[in-house]
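*Asks:* Sharing a structure with you now.
The values are calculated or read from the model by the stated rules, or taken from the named source; none is laboratory data. This one's a predicted model, so the numbers in the text were calculated from it and none came from an experiment. Virtual Cβ from ideal backbone geometry, glycine too; neighbours counted across all protein chains shown. Side chains are part of the model used for accessible areas, which takes the heavy atoms of the whole protein and leaves out ligands, DNA and RNA. Shrake-Rupley method; radii C 1.70, N 1.55, O 1.52, S 1.80 Å.
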Amino acid sequence: MEKESGLMEVLWTIVLEIASFILEALIPSKKRRKYRKNVKVLKKQDWFRRLAKNYGPTFYMTQSIRAKIMQYNDSLDLQIYRQELERTARRDIG
């Protein structure tokens, strides 16, 4: 019974994150444009493409990853940013 409850909680979390992702995608905004721009810039980095590939589709749907991508800008130390993004992915996705 406890096992089923834990599974349901995980499934609800996934459903809510997907719904949130879809709603955000439907509403154009400055925030959304900034996110898309940052993803486009980061996808030019080999390490970012490998990281996204390793974690699959949930990488882009996880709120903490999306927030970290939003924080990206050209003035950041790329090595520190990379370590923080990898740490966030390990912590929140597994």
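*Asks:* For Lys37, which of the numbered conditions (1) open to solvent by less than 70 Å² (accessible area, probe 1.4 Å); (2) of a type outside the set (A, V, I, L, M); (3) without any contact (Cβ under 8 Å) to a residue 40 or more places away in the chain fails to hold?
*Replies:* Here Lys37 clears every test but (1).
*Asks:* Show the residue pairs that are 6+ apart or on different chains and have beta-carbon atoms under 9 Å apart, the first residue being within the range 3-25 and over 15 Å from Tyr60 (Cα atoms), the second being part of a helix (DSSP H, G or I) and open to solvent by less than 100 Å² (accessible area, probe 1.4 Å).
*Replies:* Listed pairs, sorted by first residue: none to list.
*Asks:* Same structure again: Could you please find all residues in the range 50-94 being part of a loop (DSSP other than H, G, I, E, B), open to solvent by 70 Å² or more (accessible area, probe 1.4 Å) and under 17 Å from Thr13 (Cα atoms)?
*Replies:* Residues satisfying the conditions are Pro57, Gly94.
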